[in-house]
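Taking it in order: structure first as structure tokens, then the write-up.
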């Protein structure tokens, strides 16, 4: 059964605490927090202060996905704010190895992220360093996009490498995830599913979390 990571990019920013408590009580294991700088992706979102404010509200794992150029600048601030996992895009820094080292040294779990157009081969040299790999199943920066089926083969490729090398990282998928698209992801080897609009735009977010879990039993 897949772990569910609701993305607060689709939550109600004015009433964030009730939305977070709702998915927490519904059995979501992870809270996905998108950080956007208006440069790496067109959209903007909040910074470390946001994570610091969320941390006391929930015991869920806080998975901070940094869609920012040169993420090294912010690693320590997000770790101090309470991030459990910090994800950096291989496309966002020429120093991906150093960025992941910084995350580890700051006491958080390093995660490497790849966009739909980036091959798995781009992250092979750092797979032994990470606790999680995030495969973007849409182009990053906006919620509500359609799932890109072509990304499923990358999940399978990562799963094969993981088994061959004896690695222990989670494989997370993010973008266009619902109770249909999550099935192929889980079959290919995904262990964590980010769901934003599918969960938070529903009348009953708890039912949507259950549907994702039931679909991957």
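None of the figures in this text is laboratory data; all of them are computed from the coordinates on show. Computed from a predicted model, the values in this text were never measured in an experiment. Using ideal geometry, Cβ is built from the backbone for each residue, glycine included, and neighbour counts are taken over all protein chains shown.
Of the listed peptides 69-78, 120-129, what is their order by residue-averaged count of other C-beta atoms within 10 Å, with the highest listed first?
Going by the mean number of other Cβ atoms within 10 Å, highest first, we get 69-78, 120-129.
Within segment 148-185, whose backbone N sits under 20 Å from a point 7 Å along Cα→Cβ of residue 58?
170-179, 182
Quick one: if you stick a label point 7 Å off each Cα along the C-beta vector at residue 25 and residue 73, how many nm between them?
If labels sit at residue 25 and residue 73, their model points lie 4.0 nm apart.
Taking the chain as a Gaussian network, Cα atoms linked when under 10 Å apart, which of 12, 184, 37 shows the biggest mean-square fluctuation?
Highest fluctuation among the options: 12.
Go ahead and run the numbers for FRET between residue 157 and residue 214, Cβ-Cβ distance against an R0 of 22 Å, rounding to 0.05.
0.25
Within segment 56-78, list the residues whose amide N lies under 16 Å from a label point set 7 Å along Cα→Cβ of residue 44.
Flagged as within label range: 67-69.
Would any residue of segment 96-138 have its amide N under 12 Å from a label point 7 Å out along Cα→Cβ of residue 165? List them or say none.
112, 120-133
State the Cα centre-to-centre distance between segment 37-87 and segment 196-217 in whole Å.
That distance is 24 Å.
Given R₀ = 25 Å, what would the calculated FRET efficiency be for residue 207 paired with residue 149, taking r from the Cβ atoms and rounding to 0.05?
Computed FRET efficiency for residue 207 and residue 149: 0.50.
For the chain, what relative contact order do you get, as a whole percent, if you take Cα pairs closer than 8 Å and at least 6 residues apart?
About 23 percent, as a whole number.
Out of all DSSP beta bridges in the chain, what portion is antiparallel? Express it as a percent rounded to 5.
The antiparallel fraction comes to roughly 5 percent.
Just to be sure I understand, if you calculate semi-axes √(5λ) of the Cα gyration tensor in Å for this structure, which of (1) 29, 18, 16; (2) 23, 21, 15; (3) 26, 21, 18 do you get?
So the calculated entry is the one marked (2).
Mind giving me the nanometre distance, one decimal, between the label points for residue 1 and residue 13, set 7 Å out from Cα along Cα→Cβ?
Reported label-point gap for residue 1 and residue 13 is 3.4 nm.
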